[in-house]
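Engineer: Take a look at the following structure, please.
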Amino acid sequence: PAAIEAVGVTRSYRFGDSTVEALRGVSFTVAEGEYAAIVGPSGSGKSTLMHLLGCLDRPTSGTLRVGGRDVAQLSDGELADLRNREIGFVFQAFQLLPRSSAVDNVALPLLYRGVKAPQRRARAAAALEAVNLGHRLTHRPSQMSGGEQQRVAIARALVGEPRILLADEPTGNLDSRNGAEVMRILEELNSTRGVAVVLVTHDDEVAGRARRQVRVRDGLVELDTGAGPGTGPG
Ligand code: ADP
Ligand code: ADP
C-alpha cells in the first residue's frame, strides 16, 4: 500500500484578481518505506508539494491520500490528527526550542499527544540514541554543532513513530561533513525502521544518493526515476 498517493493534484494561490498555479496536475506515489529526493529550480512548486504531502495544506483539485485517507474527506481537526500521526518534519533551520534541552525538544510532540512525563522522557532518550546523541540529552541547541542540532530535529520528527519523514533541505545549513552524517542517519532510519523519507534538496550529491529522484518544474513532475513499475533502480 502507498504511504502517500497524489493523483492529478493542483494547487493554486489566489491574491486579488490573479492566480498562481503552483502545482498544475501532479501524480506521485510514495510507497511504504521509500526514499525519494525532490529536486527542481526555485519557484517550481517543491515547497507547495511538500506542504501537501505533509497535510499542512490541501489540494485545489485532484486526489491526495495520506495513510489511506482522502484528505478532502477530512475536517481540519482530522487532517491535523492525520499529520501528527503519520508525518514527521525536518527543516533546513532545525527549528528547535533554544532554551530547552535536547531531550525536552524531542519529547515535545509526545506532550501534545498526552503521553505521560516519564514515558515522554524515555522515548525521547531512545530517539536521541537512535541518532547517536545518547550523550547529549541535557545539552541545549547552542551547546551543539549544526549537525547535532539537525540530528535532534530528526529524533523529534521520529519520536512519534510516523510512517513518513518529510525533510526540506535538511543539509542546507550544514557543512559537507555534518551534511553527510545527517544523510547517513536518514538512510539508516529508512532502512532499519522502514520510515519513508521524502526530502527536498538543491545538493546534487544528496539527491544522487536517493534511490528515486523526482524533478519538479513549473508545477509539474518533469522526471520521476521511480514512476511506474519496474523503472526504478531499486
Ligand atoms: P519552490 O519550493 O520550488 O521554490 P514554491 O512551492 O515555494 O516553489 O512556489 C511555487 C510557486 O507558487 C511560486 O510561483 C511561488 O511564488 C508561488 N507561491 C508559493 N506559495 C505561495 C503563497 N502562499 N501565495 C502565493 N503564491 C505562492
Ligand atoms: P527554512 O528553509 O527557512 O529553514 P523551513 O525549512 O524551516 O524554512 O520551513 C518552514 C516551513 O514550514 C514554512 O513554509 C511553514 O509553512 C512550514 N510549517 C509551518 N508550520 C509547520 C508545522 N507545524 N509542521 C511542519 N511545517 C510547518
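The values are calculated or read from the model by the stated rules, or taken from the named source; none is laboratory data. What you see is a predicted model; the values in this text were computed from it and never measured. Here the Cβ is made from the backbone with ideal geometry for all residues, glycine too, and neighbour counts use every protein chain on show. For accessibility, only protein heavy atoms count, side chains too; no ligands or nucleic acids. Shrake-Rupley method; radii C 1.70, N 1.55, O 1.52, S 1.80 Å.
Engineer: Relative to the longest principal axis of the C-alpha atoms of the chain, give the angle of the C-alpha long axis of helix 117-130, reported between 0 and 90° and rounded to the nearest 10°.
Structural biologist: So the inclination is approximately 70 degrees.
Engineer: Given Leu110, Val206, Ser145, which one lies farthest toward the positive end of the charge dipole of the chain, if we put +1 on the Cβ of every Lys and Arg and -1 on the Cβ of every Asp and Glu?
Structural biologist: It is Leu110.
Engineer: Quick one: pull the percent of accessible area on the chain belonging to carbon and sulfur, 1.4 Å probe, ligands and nucleic acids left out.
Structural biologist: Carbon and sulfur together cover 47 percent of it.
Engineer: Kirkwood Rh over alpha-carbon pairs of region 20-173, then Stokes-Einstein at 37 °C and 0.692 mPa s: what D in µm² s⁻¹, rounded to an integer?
Structural biologist: In µm²/s, the coefficient is 197.
Engineer: Given the -39500 (n - 2.57) contribution per DSSP H run of 4+ residues, what per-residue ellipticity at 222 nm results for the chain, rounded to the nearest 500 deg cm²/dmol?
Structural biologist: Estimated from H runs of four or more residues: -10500 deg cm²/dmol.
Engineer: Here is a follow-up. Could you do me a favour and compute the accessible area per residue for region 71-223, 1.4 Å probe, result in Å²?
Structural biologist: Computed with neighbouring chains in place, this is 49 Å² per residue.
Engineer: For Asp204 and Leu56, compute 0.36 nm times the residue count separating them, minus their Cα-Cα distance, and round to one decimal in nm.
Structural biologist: Gain on stretching Asp204 to Leu56: 50.6 nm.
Engineer: Subtract the Cα-Cα distance of Leu108 and Asn132 from 0.36 nm times their separation in residues, and report this length gain in nm to one decimal.
Structural biologist: Fully extending the segment from Leu108 to Asn132 adds 6.7 nm.
Engineer: Based on the Cβ-Cβ distance of Arg193 and Gln143, what FRET efficiency does E = 1/(1 + (r/R0)^6) give at R0 = 35 Å, to the nearest 0.05?
Structural biologist: Step by step, r from the Cβ atoms, then E = 0.80.
Engineer: A further question follows. Express as a percent, rounded to the nearest 5, the fraction of DSSP beta bridges in the chain (both residues included) that run antiparallel.
Structural biologist: Given both bridge residues lie in the chain, the antiparallel proportion sits at roughly 55 percent.
Engineer: Starting from the Cα gyration tensor of region 121-223, multiply each eigenvalue by 5, take the square root, and state the resulting semi-axes largest first in whole Å.
Structural biologist: Ellipsoid half-lengths, sorted descending, are 26, 16, 11 Å.
Engineer: Largest first and in whole Å, give the semi-axes of region 86-145's equivalent ellipsoid, each being the square root of 5 times a Cα gyration tensor eigenvalue.
Structural biologist: Three semi-axes, in Å: 17, 14, 11.
Engineer: Another question about this same structure. Any chance you could give the angle, 0 to 90 degrees and rounded to 10, that helix 146-158 forms with the longest Cα principal axis of the chain?
Structural biologist: It works out to around 70 degrees.
Engineer: Then there's this: For Glu161 and Ser18, compute 0.36 nm times the residue count separating them, minus their Cα-Cα distance, and round to one decimal in nm.
Structural biologist: 47.4 nm
Engineer: Another question, then. Which parts of region 22-64 would a label at Ala72 reach, counting a residue when its backbone N lies under 12 Å from a point 7 Å out along Cα-to-Cβ?
Structural biologist: Residues 59-64 fall inside that zone.
Engineer: By how many degrees, between 0 and 90 and to the nearest 10, does the Cα long axis of helix 76-86 differ from the longest principal axis of the chain?
Structural biologist: Between helix and principal axis, roughly 60 degrees.
Engineer: Sticking with this structure for a sec: Could you state the per residue volume, in Å³, of the convex hull enclosing the Cα atoms of region 1-75?
Structural biologist: It is 94 Å³ per residue.
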